[in-house]
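Structure record follows, encoded as C-alpha cells.
The values are calculated or read from the model by the stated rules, or taken from the named source; none is laboratory data. It should be emphasised that the depicted structure is a prediction, and the values quoted were computed from it without experimental measurement. Here the Cβ positions follow ideal geometry from the backbone for every residue, glycine too, while neighbour counts run over all protein chains shown. With ligands, DNA and RNA removed, areas are computed over all heavy atoms of the protein, side chains included. Shrake-Rupley method; radii C 1.70, N 1.55, O 1.52, S 1.80 Å.
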There are 2 protein chains.
Amino acid sequence: MSYNNFLYLLSDALKNNHIELALESIKTFKAVDIADVLTQLSIDQSQLLLKHLPERAYVFSYLPPNEQVKLAKVMPRNTLAEIIGEMSSDKRADVFKCLDEEQQNALLPALAQAEREDIRQLSSYMEGTAGAIMSSEYATLKPQMMVKDAIKMLRLEAPDTETIYFAYVLDEARKILGVLSLKQLILAAEEQNINELMVTDVLTAYVDTDQDEVAKTIARYDLLALPIIDRQGMMVGIVTYDDAMDVASEEATEDFLKVGAVNASTKLSIKSAPILQLYQKRVFWLVFLVFGSLLSGIGIAHYEDVIAQNLVLVFFLPLLVGSGGNAGSQSSTLMVRALATGDVQFKDWFNLLGRESLVALCLGGTMAVAVSLLGYFRGDEMVALVLALSMMGIVLMGCLIGMSLPFILNKVGLDPASASAPLVTSICDATGVIVYLFIASMILF
Amino acid sequence: MSYNNFLYLLSDALKNNHIELALESIKTFKAVDIADVLTQLSIDQSQLLLKHLPERAYVFSYLPPNEQVKLAKVMPRNTLAEIIGEMSSDKRADVFKCLDEEQQNALLPALAQAEREDIRQLSSYMEGTAGAIMSSEYATLKPQMMVKDAIKMLRLEAPDTETIYFAYVLDEARKILGVLSLKQLILAAEEQNINELMVTDVLTAYVDTDQDEVAKTIARYDLLALPIIDRQGMMVGIVTYDDAMDVASEEATEDFLKVGAVNASTKLSIKSAPILQLYQKRVFWLVFLVFGSLLSGIGIAHYEDVIAQNLVLVFFLPLLVGSGGNAGSQSSTLMVRALATGDVQFKDWFNLLGRESLVALCLGGTMAVAVSLLGYFRGDEMVALVLALSMMGIVLMGCLIGMSLPFILNKVGLDPASASAPLVTSICDATGVIVYLFIASMILF
C-alpha cells in the first residue's frame, strides 16, 4: 500500500467518524511520523484525529509552527489547554509564542497556575538564547541523600522531567553542587551518600548564552543535557541533546544560506514560505551586489580605450575575472565553515594567510599555464604574457580577499558568514577587471 | 593565568618529570579538553602525560587522527595495546584504520583475541556507512526476564557497554524483539516481565546504510541510539546520538564546501592539511569552471560587432551577468540545503519551479527598474529598455537554472551539492551574456 493509498483510507475513516479504525492504522507510527500525517489531512480531520491520539501532546509538539497555529484556531479552548498542559515546558512555550495575542489571552485562563507561570517565564527569554530553548523540567536531588533514596526520588520525579538519566544536586539556593547519572546510581551501593558519588565540576551555560554556543558545548563534551543557570548562579533549566541537534542543524542552514547570499536570520522554507518572504530574503543582497558589479563596470569604462583597440581582451575577460571570483569563493567558504566549526579561530588569521598565499600561487600557476596557451593561439605571445600575469595576480588577490573578508566582517561586528560567495565574487570581479586591464595597458601599449 | 601560562607550567612540570604536579594542574579538565592540551605539547611530553592519565583511553579517543598516529609511532607497543584495548570498540577501529600496515601488524599480537576479532569486524565496513561508525558494545536482555533481573543484568553489563539507558531484547538468533529504556525499568514493578514492557516497533538501520541516513533517523526520532542489523536481521551494533551529531556536522561541512566549489569528500582542515592537498581539493573545479567562462567568452566574441558599435554595453555587462549569477546562486543554495535537510524532495521540483518563477519575476522586476534608470542616465531610453528586458530575462533564467541544476545532477547520479555557487554562476554568466547581447542586437540594430 502506498503512502497515498494509506492517506486516502485514513481520511475516509475520519470522514465517516471511524476513530478506532483510524487509530489502528497508525498504531505502529512514531510521534513525528503521525505529525507528518496530520499535516496531510484537512484541518477538521487533523483535529479529530489529534483529539483521540494517546500521545497527542507529544505529536502536537512535532507539528510545524504554522500547523500548530492553524489547529489552535479551530480547537475548542479546553482541548487546546489540555494538550498544551501535557506538553513539555520548552515546547509549550514555543507554541505559546507562535499564537497571536487574542489566542494567548483566550488560552491563559484555561491553564493551571503553574503552567501559566512557566510559560510567562520561558517565553520571556530572547530568541536564540539558551533560555529560549531550555526546558524547566529536570530531575533534582538533595546533597545528603543516600543512593537508594535518590533512585526513589527519581522514580517520583520521572513523569515530570525530560530525562532522569541525569540529576542535578542543588543546595537550598538552587545552586548546582554536582551532577549524577542514573548509571552511576544504578552501579553504586544503595547506602552510599550521593555527595561522595556526584561529579562536582559541572559544565553550565547562562540563560542568555547564545544557543549556538550551548549546542557546541553539548556536542564537544558529548553531553545528554547541559544545565542552565541565571546570572545569580541559580539553576533554571536544562537544554537536552536533541534540542542541541536541532540548533546545530538550524545554525548550519543559516550559514549555508548566508554563503548563498540569502538572508536567513529566521527559518525559511522554500516549500511553504510566502513568495513575498522569499523575495524579501533575497532582494537585499541582489541589489547590494549590483554596486559591486558597478565597480567592475567602472573599471571597464576606465579602460575603454584599451578594450576598443584590443577586442580580444574582452574574450578573456569573463574567464580571468571569473577565476578570481571562484578561487575567492573557495577561500571564503573554507574559512567561514572552519570558523563555524571551531577548527580555526580569529587569531589564526595571519598564519592562514601565509598558507593560503602558497595554495593560491600553486592554483594561479596552474591556471596561468592553461590560459596563456589559450591566449597564444587566439592572440600572440604578448597576449599570452598578459593573460599569465593577470591570472596569477587575480587568483592570488581572489584567495586573499576570500580569506580575509570573513575576518574583516567579524571585526566590524558582522557575521563572518555574510562573506557570501556572491559577495566575494563581486569584489573579486571588480579587482580582477582592474588587475587585468592595468596589466594589459602596461604591456600592450 | 592565561592558557599559554598554563601550558608553559605544564610543559615545565613534564620536562622535570613532576607527573603529580602535571596531573594536578589538569584535574578539573574534561577528556576532550585534555586532548586539546596534548596536541599543544611536544610528542615526548604528550606521551608522558597520556601514560599517567586516569582516563587515558577516553582522552586518546578525542585526539585528532594525525595526533593519534604520531603518538602510536613513539609509544611502546604494550602501552599502545593497553590504551587501545581500553577504548570503545568504534573508536578503537577508527584508530586502527589510521595506522599504517606495519603499525597494525605490530599491534595486533599485543591485543586480546576478542579485541582483534572486533577490530577485524568493525574495520571491514565501508567508510561512510553505519557499520563504520557503530559500536559493538551495547546492552542486551533476554525476553523472559523479570524487571529486577534485567536491572541486575544491566549492572553487570554496564562497564562494557556504551550506554545502559537503552537495552535491546534479542532472541536466540540475535534478532531484535524489542527495546527497553532504563527509565521504563526503573518505573516498572520489579516482578513484571520485560516482554510485556518492551516496545516492539524498533527502528533499525542496516550496516551498509549511509551514515547520513542514520544520523537523520536519530535526529528525527530524538533517539539516544539506533540499533544496527546485518542483512540477515541480526543485531551487530549501535550508533549513539553523539556519533550522529558528529556525522551531521561532517555532512554539513561537506555540503558547505561543495557549494563553495571545494571538493570535500574527505575531511579537510585549512589549518593543518598539507598545502598540496588543499591545492588538489580546489584545482579541479577552478580549471573545470574555466570552460564555463570560455562559453561566456565565446558569446561575447560572437557579438563582437554589437559591442564594438556600442561600448556602453560593456559597462553594464558585469552588472547584468553578475545579477543572474547571484540570483542563481541563491536559488541553488536554497535548494541544495532544503534537499539536505529533507525539507523538500525531488518530487517537489515541479511545484518549486512554479514558486521560484514568481519569486524570480519579483526579483527581476525590482532589478530591472533599478538598472533601467542607470541605463537611461548613461545611455538613452533604448539602452534602458534593453537593460530592463535583459535583467528580467537573466534573473529569471538564473533562478530557474539554480533551482534545476541540483535536480539534474541528482538525476545523472551526482551529488546535488555539487551545484556549487561558482558552477551556477559560470553557467548563468554564459547564459546571461547571450541573453543580453541577443536582446541588444535585436533592439539596437
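The HN-Hα couplings worked out from phi for the range A:47-60 by the Karplus form 6.51 cos²θ - 1.76 cosθ + 1.60 (θ = phi - 60°) are 5, 4, 5, 4, 4, 9, 5, x, 10, 4, 5, 5, 5, 4 Hz, whole numbers, x standing for Gly and Pro.
If both residues of a DSSP beta bridge must be in chain A, then about 75% of such bridges are antiparallel. By the Kirkwood approach, averaging reciprocal distances over each pair of separate Cα atoms, the range A:13-84 gets a hydrodynamic radius of 12.1 Å. Ranking A:Y436, B:G402, A:V336 by Cα position along the charge dipole of the protein assembly as shown, where only Lys, Arg, Asp and Glu carry charges on their C-beta atoms, puts A:Y436 farthest toward the positive end. In percent, rounded to a whole number, the relative contact order of chain A is 11, using alpha-carbon pairs under 8 Å and six or more apart. Rolling a 1.4 angstrom probe over the range B:139-250 with all protein chains present gives an accessible area of which 51% lies on carbon and sulfur atoms.
Taking every Cα-Cα distance in the range B:275-444 and sorting them into 5 Å bins starting at zero, the pair-distance distribution P(r) comes out as 1, 9, 16, 19, 17, 14, 11, 7, 4, 1, 0 percent. For A:W349, neighbours were defined as the other residues whose beta-carbon sits under 14 Å from its Cβ, and their charges (Lys and Arg +1, Asp and Glu -1) total +1.
Among A:A31, A:A173, A:A419, the largest mean-square fluctuation in a Gaussian network model of chain A (Cα springs under 10 Å) belongs to A:A173. Taking the Cα centre of the range B:275-444 as origin and assigning +1 to Lys and Arg Cβ atoms and -1 to Asp and Glu Cβ atoms, the resulting dipole is close to 480 debye.
Calculated accessible area for the protein assembly as shown comes out at 43 Å² per residue, all protein chains present (probe 1.4 Å; ligands, DNA, RNA ignored).
Over the range A:347-420, the fraction of Cα-Cα pairs per 5 Å bin, rounded to whole percents and listed from the shortest bin up, is 3, 18, 19, 17, 13, 11, 8, 6, 4, 1.
Counting only DSSP beta bridges with both residues in the protein assembly as shown, the antiparallel share comes to about 75 percent.
A 18 angstrom limit on the alpha carbon distance is what I want to check against. Which of B:K152/B:K183; A:K216/B:K258; A:K347/B:K271; B:K347/B:K411 exceed it? Write down the numbers at each step before the final one.
Numbers: B:K152/B:K183 14 Å; A:K216/B:K258 23 Å; A:K347/B:K271 12 Å; B:K347/B:K411 12 Å.
Flagged as over cut-off: A:K216/B:K258.
Taking the average, over residues, of other Cβ atoms within 10 Å as the packing measure, peptides A:195-203, B:52-60 rank B:52-60, A:195-203 from highest down. Result for chain B in a Gaussian network model with C-alpha springs under 10 Å: among B:R174, B:R355, B:R282, the largest mean-square fluctuation is at B:R355. Over the range B:219-297, the alpha carbon radius of gyration divided by the compact-protein estimate 2.2 N^0.38 Å works out to 1.63.
Using the Karplus relation 6.51 cos²θ - 1.76 cosθ + 1.60 with θ = phi - 60°, the per-residue 3J(HN,Hα) values for the range A:368-374 come to 5, 4, 4, 6, 6, 5, 4 Hz, with x marking Gly and Pro. For the protein assembly as shown, a crude dipole built from +1 on the beta carbon of Lys and Arg and -1 on the beta carbon of Asp and Glu, taken about the Cα centre, is about 1160 debye to the nearest 20. Across the identical copies, the 7 Å label point of A:E101, projected outward along Cα→Cβ, sits 7.5 nm from its counterparts, in ascending order.
Lysine pair count for the range A:3-124 (Cα-Cα distance under 26 Å; residues 8 or more apart in sequence or on different chains): 21. At a 1.4 Å probe, what is the % contribution of carbon and sulfur to the accessible area of the range B:3-124? Carbon and sulfur: 50 percent of the exposed surface of the range B:3-124. Only protein heavy atoms count here; under a 1.4 Å probe, A:V290 has an accessible surface of about 20 Å². When shorter helices are ignored and each DSSP H run of at least 4 residues is given -39500 (n - 2.57), the per-residue value for chain A at 222 nm works out to -21500 deg cm²/dmol. Averaging the inverse of every distinct alpha carbon separation and then flipping it gives the Kirkwood radius. What is it for the range A:139-248, in angstrom units? Every distinct Cα pair counted, the radius reaches 14.3 Å. Averaged over peptide B:42-54, the number of partner chain Cβ atoms lying within 10 Å of each residue's Cβ comes to 0. Here B:R231 yields copy-to-copy label distances, from shortest upward, of 6.2 nm, the label point defined as 7 Å from Cα along Cα to C-beta.
For the peptide A:296-304, the mean number of other protein chain Cβ atoms found within 10 angstrom of a residue's Cβ is 4.
Averaging 1/r across all pairs of distinct Cα atoms in the protein assembly as shown and inverting the result yields a Kirkwood radius of 30.5 Å. Using the alpha-carbon positions of chain A, Rg (one decimal) and Dmax (whole number) come out as 29.8, 95 Å. Inter-copy label distances for A:R378: 2.2 nm (label point placed 7 Å from Cα along Cα→Cβ; shortest first). The charge dipole of chain A, taken about its Cα centre with unit charges on the Cβ of Lys, Arg, Asp and Glu (plus for the first two, minus for the last two), comes to roughly 620 debye. Across peptide A:249-262, the mean count of Cβ atoms from other chains lying within 10 Å of each residue's own Cβ comes to 6. Note on the range B:139-250: antiparallel DSSP beta bridges, both residues inside, total approximately 70 percent of the bridges counted.
Between B:D305, B:D242, B:D212, the residue with the greatest mean-square fluctuation in the GNM of chain B (Cα pairs under 10 Å linked by springs) is B:D305.
The contact residues of the range A:317-334, meaning those that lose at least 30 Å² of 1.4 Å-probe accessible area when all protein chains sit together rather than their chain alone, are A:P318, A:L319, A:N326, A:Q330, A:T333, A:L334.
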